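Comments concern the structure below.
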Amino acid sequence: MRTPVVMILGLVCAPSGYVLILTCIAAPAWRDVSSIPNGALDEIHHQGLWEICKDEQSVRELTCGLSDDAYFDYQVISIARGLMIASMVVSAAGILVATFGVRCWTDIPSYPITGVGGIILVIGGTLTLIPVSWYTDRLKVIPNTAAGTELAVGYAVVLGFVGGSLIVIAGINLMFSFGKLVKRKSPAEKNYHPKSSTYPGSRYPTGISNPVTVIDLPQSIHSAPAPWDDDL
């Protein structure tokens, strides 16, 4: 049996999206702060969930580990950390469940298990989309200790959007496995036929319209001698 297309798409999109959200959570580039007073013209601060890096493009020098208590103590940052970690765990569980459901070592895939894996993946992808969307919405409200005048979305947020969307798409594709559940008749039901009587020499049961009309003649007609029998 060939693996259904929805399962193939799910198993391709889910790991791809998972790699992107791993990069999103680790990269210190959720927000880029530039045009910093008393700073170099090409100085940019890349702010992430766990650390802040200063990038001086002219000398190609990247310095990480900058401290900013006002930024890291902001509510959006704390909640985003928890949701991203939860997304990693839930998405990994969804990929694992879906893998067990898809036909990898058996002839017939397990549609219910694959569908459940799809539901878990949708939840995992949503847990990524919530913090990146909230961070983007509050981009200019989050404390900016560097006092830069230009604030821009970093590439990590873009990767989060793409990764979360891929995982949700993978989950939706795998959830179509529920539609593949076909009610199969049991062997007893397959071999069961209603009782019906058939006329001798006919293969049609009495319950089905029979193209051959059988007329039961009275017994007296069967036993009466033919008129030509007297001449013999």
One residue is enough: does the stretch 77-98 have a residue meeting the conditions over 30 Å from ASN173 (Cα atoms) and touching a helix residue (DSSP H, G or I) at 6+ places or on another chain (Cβ under 9 Å)?
yes
Scan the stretch 90-100 and tell me whether some residue there is open to solvent by less than 30 Å² (accessible area, probe 1.4 Å) and more than 34 Å from the chain's Cα centre (by Cα).
no
Restrict the check to the stretch 65-85 and report whether at least one residue is touching a residue at least 60 places away in the same chain (Cβ under 8 Å), at negative phi and charged (D, E, K, R).
yes
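Yes/no per residue for (1) over 21 Å from the mean Cα position of the chain (by Cα); (2) open to solvent by less than 10 Å² (accessible area, probe 1.4 Å); (3) under 30 Å from SER34 (Cβ atoms); (4) among the hydroxyl-bearing types (Ser, Thr, Tyr):
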site	(1), (2), (3), (4)
SER67	yes, no, yes, yes
THR114	no, yes, no, yes
THR145	yes, no, yes, yes
LEU151	yes, no, yes, no
Is it true that ALA156 is touching a Pro at 6+ places or on another chain (Cβ under 9 Å), closer than 17 Å to GLY48 by Cβ and either open to solvent by 60 Å² or more (accessible area, probe 1.4 Å) or in a helix (DSSP H, G or I) (or both)?
yes
So GLY82 passes all but one of these: (1) surrounded by fewer than 16 Cβ atoms within 10 Å (Cβ to Cβ); (2) closer than 30 Å to THR145 by Cβ; (3) under 19 Å from the mean Cα position of the chain (by Cα). Which condition number does it fail?
(3)
Quick check, is ILE44 modelled with pLDDT of 90 or more and either within 30 Å of THR114 (Cα to Cα) or in contact with a Lys or Arg (Cβ under 8 Å, 6 or more places away or on another chain) (or both)?
no
Would you check which residues across the stretch 1-42 are among the hydrophobic types (A, V, I, L, M, F, W, C) and in contact with a strand residue (DSSP E or B) (Cβ under 7 Å, 6 or more places away or on another chain) and list them?
ALA29, TRP30, VAL33, ILE36, ALA40
Which ranges mark the strands (runs of 3 or more DSSP E) fully within the stretch 17-96 that have 1 or more residues being polar (S, T, N, Q)?
31-34, 43-47, 61-66
Restricting to the stretch 28-63, name every residue that is open to solvent by 60 Å² or more (accessible area, probe 1.4 Å) and over 22 Å from VAL132 (Cα atoms).
PRO37, ASN38, LEU41, GLN57, SER58, VAL59, ARG60, GLU61, LEU62
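The values are calculated or read from the model by the stated rules, or taken from the named source; none is laboratory data. Note that the structure is predicted; figures quoted are calculated from it, not measured. Every residue, glycine as well, gets a Cβ built from its backbone with ideal geometry; the counts of neighbours run over all protein chains shown. Heavy atoms of the whole protein, side chains included, go into the accessibility calculation; ligands, DNA and RNA do not. Shrake-Rupley method; radii C 1.70, N 1.55, O 1.52, S 1.80 Å.
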